[in-house]
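Would you mind keeping the following structure in view while I ask a few things?
The values are calculated or read from the model by the stated rules, or taken from the named source; none is laboratory data. Computed from a prediction, not measured in an experiment: that's the story for all the values here. Please note: Cβ atoms are built from the backbone with ideal geometry, for glycine as well, and neighbour counts cover all protein chains shown. Note: areas computed on protein heavy atoms with side chains; ligands, DNA, RNA excluded. Shrake-Rupley method; radii C 1.70, N 1.55, O 1.52, S 1.80 Å.
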Amino acid sequence: MPEGAPPGPVIIRTAILADAEAIRAIYNHEVENTTATMDLVPRSLDDQLEWLAARSGAFATIVAEVDGEVVGFASLSPYKERAAYRPTVEDSVYVRRDLGGRG
């Protein structure tokens, strides 16, 4: 996204494996600089590809794209393995840090 240029529309779509590096960069920033995630070790590209490939159906990852660039992502994960938790999910939403706070 060019500096100072008005952004194009936000497109929400299902993530594809080609989005793995952008998702990894957004996520790893949070791992390394905030307490937004409970992960302590940044993901490698292979880790991110595996994570993304494992998500489908109700647990598919979606991305937000502006001007052809992934600027955020969201996913659902099972909360716990026990049967009573089956309808319960953990939701995760991450936005590229330099684009946060824009509504």
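If you scan the stretch 66-103, which residues turn out to be surrounded by 13 or more Cβ atoms within 10 Å (Cβ to Cβ), among the aliphatic types (A, V, I, L, M) and within 13 Å of the chain's Cα centre (by Cα)?
Once the filter is applied, which keeps residues that are surrounded by 13 or more Cβ atoms within 10 Å (Cβ to Cβ), among the aliphatic types (A, V, I, L, M) and within 13 Å of the chain's Cα centre (by Cα), the stretch 66-103 yields Val70, Val71, Ala74, Leu76, Val95.
Given the conditions (1) under 26 Å from Thr35 (Cβ atoms); (2) open to solvent by 60 Å² or more (accessible area, probe 1.4 Å), and given that Val63 satisfies all but one, which numbered condition is not satisfied?
(2)
Mind checking which pairs have a first residue in the stretch 50-65 that is assigned to a strand (DSSP E or B) and a second that is among the aromatic types (Phe, Trp, Tyr), Cβ under 9 Å, 6 or more apart or different chains?
Hits for this filter: Ile62/Phe73; Val63/Phe73; Ala64/Phe73.
Hey, among the residues in the stretch 22-49 that are open to solvent by 80 Å² or more (accessible area, probe 1.4 Å) and either assigned to a loop (DSSP other than H, G, I, E, B) or closer than 13 Å to Arg96 by Cβ (or both), which one's modelled with the lowest pLDDT?
The residue in question is Met38.
Just a yes or no: is a residue in the stretch 66-81 in a helix (DSSP H, G or I) and either of a type in the set (Lys, Arg) or out of contact with any His (no Cβ under 6 Å at 6 or more places or on another chain) (or both)?
Among the residues of the stretch 66-81, not one is in a helix (DSSP H, G or I) and either of a type in the set (Lys, Arg) or out of contact with any His (no Cβ under 6 Å at 6 or more places or on another chain) (or both), which makes the answer no.
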